[in-house]
There are 2 protein chains.
Amino acid sequence: MHSFEELAIAFKNKFEVKHFPSEPQSLYESCDYFLSIGGKRIRPVMCLMGNELFDEINPDTWHVAAAIELFHNFTLMHDDIMDAAPLRRGMQTVHTKYGNNTALLGGDVMLVVAYDYLNKISNTYLHKVITLFNRTAREVCEGQQMDMDFEKQQAVGLDAYIKMIELKTSVLLAASLQLGAILGGASEGNRQHIYEFGKNLGIAFQVQDDYLDAFGDPSRFGKQVGGDIIANKKTFLVIHALESCTGGQLDELKRLMKSNEDNKVGKVLALFRECGVDTWASGLKDKYIGQAEFHLEEVAVSAVRKEPLRNLVKFLVQRDH
Amino acid sequence: MHSFEELAIAFKNKFEVKHFPSEPQSLYESCDYFLSIGGKRIRPVMCLMGNELFDEINPDTWHVAAAIELFHNFTLMHDDIMDAAPLRRGMQTVHTKYGNNTALLGGDVMLVVAYDYLNKISNTYLHKVITLFNRTAREVCEGQQMDMDFEKQQAVGLDAYIKMIELKTSVLLAASLQLGAILGGASEGNRQHIYEFGKNLGIAFQVQDDYLDAFGDPSRFGKQVGGDIIANKKTFLVIHALESCTGGQLDELKRLMKSNEDNKVGKVLALFRECGVDTWASGLKDKYIGQAEFHLEEVAVSAVRKEPLRNLVKFLVQRDH
């Protein structure tokens, strides 16, 4: 068994190969470029961890892990077009650097190459792996569509927002673990628990992300605090505030969301605190961490095998108390 | 064994099912809409014919045929975005009707659903089928990229143009036949011949398409003659004219291509005829039909089994003599 960090290094080394042909360069250069931007490769490592929870690493898991990472990058390339995002991890997005058409086609071909990797695995689990991979791929597309739909809506309910986050973010983390578990020979019950562990962890991570954007320590968080507030992004915090603030506070929040006045961030944060949004968000995160931990406990393997995943929880989401 | 027409009806009936979930409607409605526009469903029927050349229809072939048709529609949805095409078969394209983002995401999810259909087939041929399907998918993307690259280039050589047509159009026809052949238990040699048959037939079809756009009988052809000339599209005819006209004729052709003067179409067509482009194109088409027929002859099955494919050649490409 290996830690997240050990598996991350091992995956990075295995993944540093040429995934695409050389020609036409005008197409494949965009794919090479996007992969070179890097990332933490959390999903493929979770796939490897899902495998190691049950058994020694099945050589096929490396292929599935590569497919997951390529799929994830495909979604980012296309999301960046849809969101008209100029930067990703501080670098130019593909559509900014090479144009929308190449980013579209580069994403398409990256998805096909993801299936090339899936097709490398042996018959034993091939159907099962593609079934889960495809269901997840559809759900991620649905999540992105819901996200775009929400941007056009005035009010979004908390349940609908959680559903969107589940689809757009969590199911891929959950499926990464479960795909590894399938290749590790896990039983149906264990597979379900590891999936639920990943799904709840993913929601907790998103709650934390929204929380830190508003209340994080700028020196530790590494990006501008209040970015979501300035961009009027729908987040766990705004949605809860709109549901829980009343009277004058609610009016003031709605007014601030339409304005670009000085110290907008400070004023919104003050309102969030007055309405108890910060405490609520911490509690919500803890609730999802608790649910994740419950499902990890329920996986029927020895406690020592779960150690790397317990550490992953600490790495991804910090408890406040 | 069945004729193209019989299989087309059978496929149409089988394909008239719900391929996508209902929610989110904002995503899947675009996919349903695009499939409802219809089309001749040539590729899935070729898949069924490729199967029947060797054996009774393998039930898995219906799944692969559906996957091929969904893949083809995915490429059209994305190509229409890239080409900013307002209409497809006389109907609004998806990006015109629903916006670029939905057309992008709808295409993505349609490709995933294509793989759902591939994943329905039994283990026996699953790896082989995905391998050929994926290689073809990558090639179709490469062909689209070459096509876009050519639009920006002044001069395109005939060999490069043929390569682009092969990738963008022919390989999918070839692969449709070969996928059917694989599921019909064909030998490696027979599979190669049926692939080459489809590839050459596809090129012949494209030459004919370019020819008819310029020299076709408007009453029989059913669309505006000279549309490619008005749009300054690169075609077999223009590329050959630029390579074979000389002196004053070449200068005049280049001048006309930059102009929008009255009777531009008539003047370009006159030049094409003076340079013998019409005769050359007929000969080129016949050459590719001949190569296709050679490979069909080489397939080691009884002549009677080849009858439907011989009729398909007549249906798709007419000999001029």
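Rule-based calculations on the coordinates, nothing more; no lab input. Since the structure is predicted, the reported quantities are computational estimates derived from the model, not experimental observations. Heads up, the Cβs are rebuilt from the backbone with ideal geometry, glycines too, and the neighbour counts pull from every protein chain shown.
Summary table
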item: Under 16 Å from B:Lys12, Cα to Cα: lysines that are on another chain or at least 8 residues apart; result: B:Lys40
item: Value of relative contact order over segment B:187-321, rounded to a whole percent, pairs C-alpha under 8 Å and six or more apart; result: 40
item: Fully extended contour minus Cα-Cα distance, from A:Gln192 to A:His127, at 0.36 nm per residue; result: 21.7 nm
item: Peptide ranges B:166-177, A:36-47 listed from the most packed, as the mean C-beta count within 10 angstrom indicates; result: B:166-177, A:36-47
item: Partner aspartates and glutamates for A:Lys306 [C-alpha distance under 13 Å; skip if fewer than 8 residues away on the same chain]; result: A:Glu52, A:Asp55, A:Glu293, A:Glu297, A:Glu298
item: Globularity index of the protein assembly as shown, i.e. its alpha-carbon radius of gyration over 2.2 N^0.38 Å; result: 1.09
item: Selected from B:Leu87, B:Gln208, B:Ser282, residue furthest toward positive end of dipole (chain B; charges at beta carbon); result: B:Leu87
item: Rounded if a/c under 1.5, otherwise prolate or oblate - chain B, Cα gyration tensor axes; result: oblate
item: When each of A:Lys168/A:Lys199; A:Lys18/A:Lys314; B:Lys97/B:Lys233; A:Lys199/A:Lys267; A:Lys128/B:Lys14; B:Lys152/B:Lys233 is checked by Cα-Cα distance, pairs over 22 Å; result: A:Lys18/A:Lys314; B:Lys97/B:Lys233; A:Lys199/A:Lys267; A:Lys128/B:Lys14
item: Net charge over other residues, Cβ less than 12 angstrom from the Cβ of B:Ser176 (K, R count +1; D, E count -1); result: +2
item: Neighbourhood charge, 10 Å Cβ-Cβ cut-off, centred on A:Ala303 and excluding it, Lys, Arg +1 and Asp, Glu -1; result: +1
item: Given charges at beta-carbon only (K, R positive; D, E negative), |dipole| of the protein assembly as shown in Debye; result: 200
item: Per-residue mean of C-beta atoms belonging to partner chains within 10 Å, peptide A:19-29; result: 3
item: Relative exposure of B:Val277, B:Val156, judged by other C-beta atoms within 10 Å (fewest first); result: B:Val156, B:Val277
item: Efficiency of FRET from Cβ geometry, A:Asn263 and A:Lys12, R₀ 51 Å, rounded to 0.05; result: 0.75
item: Copies compared at B:Pro59 - label distances in nm, ascending, label defined 7 Å from Cα in the Cβ direction; result: 3.5
item: Which of B:Thr124, A:Thr61, B:Thr75 has the fewest Cβ neighbours within 10 Å, and the rest in rising order; result: B:Thr124, B:Thr75, A:Thr61
item: Candidates B:Ile289, B:Ile165, B:Ile57, ranked by Gaussian network fluctuation over chain B, Cα under 10 Å, top entry; result: B:Ile57
item: Nearest residue to the symmetry axis between A and B, taken on chain A by its Cβ, in whole Å; result: A:Asn123, 2
item: Residue-averaged beta-carbon neighbours from other chains (10 angstrom radius) around B:116-129; result: 3
item: Dipole axis of segment B:219-310 (+1 Lys, Arg; -1 Asp, Glu on Cβ), positive-most option in B:Val304, B:Val265, B:Ser244; result: B:Val265
